[in-house]
Amino acid sequence: MKKIIIINGPNLNLLGKREPGIYGAQSFEDFYKDLKHTYKGFELSYFQSNIEGELIDKLQAVGFSYDGIILNAAAYTHTSVGIGDAIKAIETPVIEVHISNTFAREEFRHQSYISPNAKGVILGFGLQSYELALQSFL
Ligand code: DQA
């Protein structure tokens, strides 16, 4: 069974409450429960942190043994050389996801330190972006 982890960055613990016009009304926990139920063929796990170094620690911890990483680095996408370097350093393929279409938003969200090192990028489909990323491992 393929081992896949979803890693969420800062403020994504507030999904459902946070700017629902952009990020939707569903909490990630509810969405994740449904996703796990639908895709029983994966060994799926989930990690969230608001702390950049914790995200890097997790990427290093899973990045030589898991089959795939689905990463929404949230605001760190646009700022973190450290997370970009961590993705370069590990072996597990990383799919970058975003809930919103970052290219349709402010200019500072057009820059990504994740994209050049990701296997692929999926954005703008709401929480379904995560599901599409997971399907890429089928
Ligand atoms: C986000 C987009 C980022 O620009 C923002 O900082 C987030 C969420 C998204 O999923 O749409 O926190 O990664």
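The values are calculated or read from the model by the stated rules, or taken from the named source; none is laboratory data. Model, not experiment: these values are computed from the prediction. Positions of Cβ are backbone-derived with ideal geometry, glycine not excepted, and every protein chain shown enters the neighbour counts. Only protein heavy atoms, including side chains, enter the accessible area calculation; ligands, DNA and RNA are left aside. Shrake-Rupley method; radii C 1.70, N 1.55, O 1.52, S 1.80 Å.
Things to note:
- Test for GLY53: is it under 15 Å from LYS3 (Cβ atoms), without any contact (Cβ under 8 Å) to a residue 60 or more places away in the chain and either surrounded by 18 or more Cβ atoms within 10 Å (Cβ to Cβ) or away from the ligand (no atom under 16 Å from the Cβ) (or both): no
- Of all residue pairs spaced 6 or more apart or on separate chains, those with beta-carbon atoms under 7 Å, a first member in region 113-138 that is farther than 17 Å from SER27 by Cα and in contact (Cβ under 8 Å) with a residue 40 or more places away in the chain and a second member that is in a loop (DSSP other than H, G, I, E, B) and of a type in the set (A, V, I, L, M, F, W, C) are ILE114/ALA73.
- Screening GLU96 on (1) in a helix (DSSP H, G or I); (2) within 11 Å of the ligand (Cβ to nearest atom); (3) open to solvent by less than 10 Å² (accessible area, probe 1.4 Å) shows it passes everything except condition (1).
- Condition check for ILE22: closer than 19 Å to ASN101 by Cα, of a type in the set (Val, Ile, Thr) and part of a helix (DSSP H, G or I): yes
- The lone exception for THR79 - which of (1) within 16 Å of the ligand (Cβ to nearest atom); (2) open to solvent by 60 Å² or more (accessible area, probe 1.4 Å); (3) within 19 Å of ALA118 (Cα to Cα); (4) touching a residue at least 40 places away in the same chain (Cβ under 8 Å) it fails: (4)
- Residue within region 35-46 that is within 14 Å of the chain's Cα centre (by Cα) and within 13 Å of the ligand (Cβ to nearest atom) present: no
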